[in-house]
Amino acid sequence: MNAPAYKRILLKLSGEALMGDDSYGINREVIERIVGEIAEVARLGVEVAIVIGGGNIFRGVAPAAAGMDRATADYMGMLATVMNAMALQDAMKRTGLDCRVQSALSLEQVAEPFIRGKALRYLEDGKVVIFAAGIGSPFFTTDTAAALRGVEMSADVVIKATKVDGVYTADPKKDPDATRYQSLSFDEAIGKNLKVMDATALTLCRDQRLPIIVFSIFKQGALKRVVMGEGEGTLVHCD
């Protein structure tokens, strides 16, 4: 069997990915399937760090947050990511994966504080590490958190799990002529405003020469194919 193409990955998992076809919340079957995919990769010897979003939970309270102070709303979103991280951790434990949750907000009853050195040791010991609460500050997305944690963890690649199997020239749901990029440079992604990640995250990854792969988490076995370097999804790289 070929060796994985990456030793250490940062998986960016949106909260919406946990909903399945539900309108909000966590779909148990979906989270168990996603955890199964992560477990398969971890058992190849790949060190896995995860940044989780909170859109699946915050979506349910978003109407009430309309007109709310932006910083307050962002902190609410961070708390939603902690709930998702706890759900992921629980599902991982039931599959036999050793997992730790670290939060950028101080919530010591339910998660460890983010400590870079400890997170690195966990990864080296084969534990999955889930980073919750973004970077702990408002006005930054979980895309930026993924880029930052990817750099801090010396990850080989940031892998962004989406509902689409890569980056397209246009929205494939609206434009039947849209084509998928096999690969493209950071400058192309930024210049064409392709919405791979937000501009802050893209610029950080570009400056730190940290590649990004965008793929669909809903394709069976796709995460393993990404990790094995089998050309799944779209690779965003430096020139």
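Test Gln208 against the criterion of being surrounded by fewer than 19 Cβ atoms within 10 Å (Cβ to Cβ), polar (S, T, N, Q) and under 23 Å from Asn56 (Cα atoms), and give yes or no. Explain how you work it out, then say what you get.
Values: surrounded by fewer than 19 Cβ atoms within 10 Å (Cβ to Cβ): yes; polar (S, T, N, Q): yes; under 23 Å from Asn56 (Cα atoms): no.
When the stated conditions are applied, Gln208 does not pass them.
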Within region 168-184, can you find the residues that are surrounded by 14 or more Cβ atoms within 10 Å (Cβ to Cβ) and within 21 Å of the chain's Cα centre (by Cα)?
Tyr168, Arg180, Tyr181, Ser183, Leu184
For helices (runs of 4 or more DSSP H) lying entirely in region 144-239, having 2 or more residues that are in contact with a helix residue (DSSP H, G or I) (Cβ under 6 Å, 6 or more places away or on another chain), modelled with pLDDT of 95 or more and over 21 Å from Ala39 (Cβ atoms) picks out 199-207
Of all residues in region 1-47, how many are more than 15 Å from the chain's Cα centre (by Cα), under 21 Å from Leu148 (Cα atoms) and β-branched (Val, Ile, Thr)?
1
Would you confirm whether or not region 143-157 contains a residue that is of a type in the set (Ser, Thr, Tyr), in contact with an Asp or Glu (Cβ under 8 Å, 6 or more places away or on another chain) and over 14 Å from Ile9 (Cα atoms)?
yes
Listed by first then second residue, the pairs whose first member lies in region 68-79 and is under 17 Å from Ala145 (Cβ atoms), whose partner is of a type in the set (Gly, Ala, Ser), with beta carbons under 6 Å and at least 6 positions apart or on separate chains, are Ala73/Ala65; Gly77/Gly54; Met78/Ala133; Met78/Gly134
Name the one entry in Ala145, Ala133, Ala119 that is crowded, with 18+ Cβ neighbours inside 10 Å, within 15 Å of the chain's Cα centre (by Cα) and in contact (Cβ under 8 Å) with a residue 60 or more places away in the chain.
Ala145
Could you grab me the full set of residues in region 66-94 that are more than 13 Å from Glu32 (Cα to Cα) and small (Gly, Ala, Ser)?
Ala66, Gly67, Ala71, Ala73, Gly77, Ala80, Ala85
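Looking at region 56-111, which of the residues that are part of a loop (DSSP other than H, G, I, E, B) and at pLDDT below 90 is nearest to Phe139 (Cα to Cα)?
Within region 56-111, the first condition is being part of a loop (DSSP other than H, G, I, E, B), and the residues that meet it are 66-69, 95-98, 104-111.
Cutting the leftovers down to at pLDDT below 90 gives us 66-69.
Details: Ala66: 16, Gly67: 15, Met68: 14, Asp69: 11 Å.
Once the filter is applied, the top-ranked residue is Asp69.
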Does Ala73 satisfy being in contact with a helix residue (DSSP H, G or I) (Cβ under 6 Å, 6 or more places away or on another chain) and surrounded by 14 or more Cβ atoms within 10 Å (Cβ to Cβ)?
yes
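Out of Glu29, Glu37, Glu47, I need the residue that is surrounded by fewer than 23 Cβ atoms within 10 Å (Cβ to Cβ) and at pLDDT 95 or above. Which one?
Working: Glu29 fails: at pLDDT 95 or above; Glu47 fails: surrounded by fewer than 23 Cβ atoms within 10 Å (Cβ to Cβ).
The conditions single out Glu37.
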Across region 71-85, what is the total count of residues that are over 19 Å from the mean Cα position of the chain (by Cα) and of a type outside the set (A, V, I, L, M)?
1
Which one of the conditions (1) in contact with an Asp or Glu (Cβ under 9 Å, 6 or more places away or on another chain); (2) part of a helix (DSSP H, G or I); (3) in contact (Cβ under 8 Å) with a residue 60 or more places away in the chain does Val51 fail to meet, given that it meets all the rest?
(2)
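The values are calculated or read from the model by the stated rules, or taken from the named source; none is laboratory data. All of these numbers come straight from a predicted model, not from anything done at the bench. Note that we place each Cβ from the backbone using ideal geometry, even for glycine, and neighbour counts take in every protein chain shown.
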